[in-house]
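Q: Below is the structure I would like to discuss, written out as structure tokens.
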Amino acid sequence: KGAGGGDLQASKATFSGANVEEKDWRVSLSMPNIDGFAQSEILAPLASTGNKFVFPYTPTIIVQHSANYSNVAPIHNNYPFFAYQNSQVNELVIVGQFYVQNALEARYWVAALHYLRSVTKMDFGTNGSGNPPPIVKLNGYGDYVFNDLPGIITTFTVDMPNEVDYIATGIDSQTGDPAGSKYISWAPAESQFSVSVQPIYSRKKVSEFNYGSFVKGELIDKGYI
């Protein structure tokens with residue numbers, strides 16, 4: 001009986017027909033479709049997570065949208081007027097922890113670091129094309145949060161603490177086993193990656209934007225947020 005003495009009505013348990021667990025909602029950054037990335041041995045561990053850099057633990061993401069107005073303040077007036085200028089999506093800051101407990105995880109940590117180094121550099125030097133750093137796609141938290149959001153990595157930071165253990169890994173070993181490997185690196189047992197992603201849209205994508213469709217959620221799978 002309830003607190004008032006009346007009988008409580010029990011509700012029936014139901015199960016969703018959709019298999020939600022099969023949805024990959026982890027936060028990830030795609031591998032650029034460039035030959036150098038596909039052929040890189042040091043980036044090979046990213047193939048195990050669908051050819052993308054996946055944050056292994058749920059990160060913190062700071063999302064900021066802004067609508068900009070100019071302040072029109074006529075003289076002898078108590079209240080200024082605001083004239084709309086534009087709207088924009090500011091940088092997304094992703095902060096995620098990395099925990100390394102074995103050589104295989106250490107190899108993935110090294111691949112993640114090298115991935116971020118690579119996507120923040122232009123194609124410069126011998127036989128370089130002069131192209132700017134590549135555009136990547138951010139995904140995470142399902143269809144209506146981050147769905148193939150195009151962006152550029154503007155900054156990233158990685159802390160390498162001095163109070164944690166470091167795990168050795170073989171870069172040229174599929175298992176990360178440093179024994180017999182020619183190239184060996186060490187990864188911290190605990191570290192933090194901070195990545196700033198600036199959403200970016202081409203002039204063509206901007207011209208195709210439709211406000212009514214966006215409000216209805218029909219453009220979310222096209223990368224607009």
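The values are calculated or read from the model by the stated rules, or taken from the named source; none is laboratory data. Worth saying up front: this structure is predicted, and the values here are computed from it rather than measured. Note that we place each Cβ from the backbone using ideal geometry, even for glycine, and neighbour counts take in every protein chain shown. Just so you know, the surface numbers come from the protein's heavy atoms only, side chains and all, with ligands and any DNA or RNA stripped out. Shrake-Rupley method; radii C 1.70, N 1.55, O 1.52, S 1.80 Å.
Q: Using 0.36 nm times the number of residues separating Ile184 and Asp165, minus their current alpha carbon distance, what extension gain do you get?
A: The span from Ile184 to Asp165 would gain 5.3 nm if fully extended.
Q: Under a 1.4 angstrom probe, counting protein chains only, how are His76, His65 ranked by accessible area, largest first?
A: His76, His65
Q: Over the chain, with a Gaussian network built from C-alpha contacts below 10 Å, which listed residue (Pro45, Pro32, Pro80) shows the highest mean-square fluctuation?
A: Of the options given, Pro80 has the highest mean-square fluctuation.
Q: Also: Using helices alone, what [θ] at 222 nm do you get for the chain, with -39,500 (n - 2.57) per DSSP H run of 4 or more residues, divided over all residues and rounded to the nearest 500?
A: -3500 deg cm²/dmol
Q: Still on this model: Solvent-accessible area of Thr126, probe 1.4 Å, all protein chains present, reported in Å² to the nearest ten, please.
A: Spelled out: Thr126, probe radius 1.4 Å, area about 130 Å².
Q: Roughly how many percent of the accessible protein surface of region 109-225 is carbon and sulfur, given a 1.4 Å probe and a whole-percent answer?
A: 53 percent
Q: Given the options Phe82, Phe124, Phe156, which has the most mean-square fluctuation in a GNM of the chain, springs set between C-alpha atoms less than 10 angstrom apart?
A: Phe82
Q: If Lys and Arg each add +1 and Asp and Glu each add -1, what is the summed charge of the other residues whose beta carbon sits under 10 Å from the beta carbon of Pro132?
A: After counting each charged neighbour, the total is 0.
Q: What does the net charge come to around Asp172 if you take all other residues with beta carbon closer than 11 Å to its beta carbon, with K and R at +1 and D and E at -1?
A: Residues close to Asp172 contribute a combined charge of 0.
Q: Now for a different question. Near Lys121, which aspartates and glutamates are there with a Cα under 16 Å away, not counting those fewer than 8 places off in the same chain?
A: Within the straight-line limit of under 16 Å, Lys121 reaches these aspartates and glutamates: Asp35.
Q: Build a GNM of the chain with springs between Cα atoms under 10 Å: which of Asn33, Asn86, Asn210 gets the top mean-square fluctuation?
A: Highest fluctuation of the listed residues: Asn86.
Q: Enumerate the residues in region 110-132 having an amide nitrogen under 20 Å from the point lying 7 Å beyond the Cα of Asp35 toward its Cβ.
A: From region 110-132, the list is 118-119, 121-132.
Q: How many Å² of accessible area per residue for the chain, probe 1.4 Å?
A: Dividing the accessible area of the chain by its residue count gives 66 Å².
Q: Answer with a single label: of (1) 147, 38, 31; (2) 74, 66, 38; (3) 52, 49, 28, which was calculated as Cα extents along the principal axes in Å from the structure in view?
A: (2)
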